[in-house]
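Written out below as structure tokens is the structure these notes cover.
The values are calculated or read from the model by the stated rules, or taken from the named source; none is laboratory data. Small disclaimer: the values here were computed from a predicted structure and weren't measured. Cβ coordinates were reconstructed from backbone atoms using ideal geometry, including for glycine residues, and neighbour counts include every protein chain displayed.
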Amino acid sequence: MRFLFIADPLESFKPKKDSTLAMMVAAQKAGHEIYYAWSESLVSNDAIVTAQVVKISVDKSATTWFTKHHESRESLCNFDAVLMRQDPPFSSEYLANTLLLSQAARLGAKVFNAPNALRDHSEKIAILEFPELIAPTTITRDLALIREFHQLHQDIIIKPLDGMGGMGVFRVGMDGVNLGSIVETLGNNGTRALMVQKYIPEIKDGDNRILIIDGEPIPYLLARIPQDGDIRGNLAAGGKGVARPLNDNEISIAKKIGGKLASRGLFLIGIDMIGSYLTEINVTSPTCFVEIFDQTGYDVASTFIGALEKRILES
């Protein structure tokens, strides 16, 4: 099979821990041809959506982990699977790419995750579909409403809707110090909506990433544990990743969410949980494949490629 990975520049990958590279390695090991396209190379000529693609081979142990073989412009319909792995944030350019991918899908391209599902599921707002699983939450631009929420819950988290890797996450305690300044800065003086949640003390035990492939949870999660007094467990913010098996409650929640979202075209998702609370549903380019493999030996990437092969053959 021919797999096309649409992603950020290859030179920006971090080979030791990149989940997209892990997918490429697993696909190559399974005998598939690997192609790469920079996310900005998508073009529509009349109705046909093409990309500037390069066939590559990969070797994580080499000084330069990828080798380019030949380059051409091809229709996305020429590939057995198109894997959209462009990193967030979900900008206007990301939106434009999903619209082009939707056109390609109408012509027969098999895109994972489905571009319409990417548009419909904001990684932070998507949790509102499961209100029984979330901590007290409000989304607003209104400072007065945020002050009311703070008075009710005393200890809160404020974050932008388009952040990633823990960017722009603030905790405001009982004294409310800097609440107004934080909201004005993050919300650009009331022009951007913010997510405000009750602080969950279990964050000290980790912000738990659970990967779900075609509706089925991977049996190990990665607890991302805050370090050095930080409130953020995100690995990009210095959190420590510790893999452990899912408990029964986590399995039940993952199956409930995974089954529903897989039916909408979200083949790979990563849900984040703090304690028993759902905090985020990652759909753009979920990570943590490598950390789980390194600590448990469970090959998430090979599991992903196997499930992808099955889905392609059944479609």
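Restrict the check to region 226-241 and report whether at least one residue is part of a strand (DSSP E or B), touching a helix residue (DSSP H, G or I) at 6+ places or on another chain (Cβ under 8 Å) and aliphatic (A, V, I, L, M).
Kept after step one, since they are part of a strand (DSSP E or B), are these residues of region 226-241: 240-241.
From the residues that got through so far, the ones that are touching a helix residue (DSSP H, G or I) at 6+ places or on another chain (Cβ under 8 Å) too are 241.
Checking the rest, the ones that are also aliphatic (A, V, I, L, M) come to none.
No.
Which of the residues belonging to region 141-164 are surrounded by 15 or more Cβ atoms within 10 Å (Cβ to Cβ) and under 20 Å from LEU278 (Cβ atoms)?
PHE149, HIS153, ILE156, ILE157, ILE158, LYS159, PRO160, LEU161, ASP162, GLY163, MET164 - these are the residues of region 141-164 that are surrounded by 15 or more Cβ atoms within 10 Å (Cβ to Cβ) and under 20 Å from LEU278 (Cβ atoms).
Restricting region 16-40 to residues that are modelled with pLDDT under 95 and more than 17 Å from ILE292 (Cβ to Cβ), which is nearest to the chain's Cα centre (by Cα)?
Step by step, filter region 16-40, then rank; the result is SER39.
Does GLN295 satisfy the criteria of being modelled with pLDDT of 95 or more and farther than 19 Å from LEU128 by Cβ? Spell out how you get there, then give the answer.
Working: modelled with pLDDT of 95 or more: yes; farther than 19 Å from LEU128 by Cβ: yes.
So GLN295 fits the description; yes.
Do we have LYS14 as assigned to a strand (DSSP E or B), out of contact with any His (no Cβ under 9 Å at 6 or more places or on another chain), at negative phi and without any contact (Cβ under 8 Å) to a residue 24 or more places away in the chain here?
So LYS14 fails the test.
Residues that are among the charged types (D, E, K, R), in contact with a Ser or Thr (Cβ under 9 Å, 6 or more places away or on another chain) and farther than 24 Å from ASP18 by Cβ: does region 229-248 have at least one?
Of region 229-248, the ones among the charged types (D, E, K, R) are 230, 232, 240, 244, 248.
From the residues that got through so far, the ones that are in contact with a Ser or Thr (Cβ under 9 Å, 6 or more places away or on another chain) too are 244.
Applying the additional criterion that residues be farther than 24 Å from ASP18 by Cβ yields none.
For region 229-248, residues among the charged types (D, E, K, R), in contact with a Ser or Thr (Cβ under 9 Å, 6 or more places away or on another chain) and farther than 24 Å from ASP18 by Cβ: absent.
Tally the residues that are β-branched (Val, Ile, Thr) and either modelled with pLDDT under 95 or closer than 21 Å to PHE293 by Cα (or both), restricting the search to region 241-256.
Summing the residues that are β-branched (Val, Ile, Thr) and either modelled with pLDDT under 95 or closer than 21 Å to PHE293 by Cα (or both) in region 241-256 gives 2.
Taking region 231-271, which residues are of a type in the set (Asp, Glu) and touching a residue at least 40 places away in the same chain (Cβ under 8 Å)?
GLU250
With (1) within 25 Å of VAL82 (Cβ to Cβ); (2) surrounded by fewer than 21 Cβ atoms within 10 Å (Cβ to Cβ); (3) in contact with a Phe, Trp or Tyr (Cβ under 6 Å, 6 or more places away or on another chain) as the list, and GLY306 as the residue in question, which single condition is left unmet?
With (1) within 25 Å of VAL82 (Cβ to Cβ); (2) surrounded by fewer than 21 Cβ atoms within 10 Å (Cβ to Cβ); (3) in contact with a Phe, Trp or Tyr (Cβ under 6 Å, 6 or more places away or on another chain) applied to GLY306, the lone miss is (3).
In region 277-315, how many residues are farther than 24 Å from MET164 by Cβ and not in a helix (DSSP H, G or I)?
Number satisfying all stated conditions: 4.
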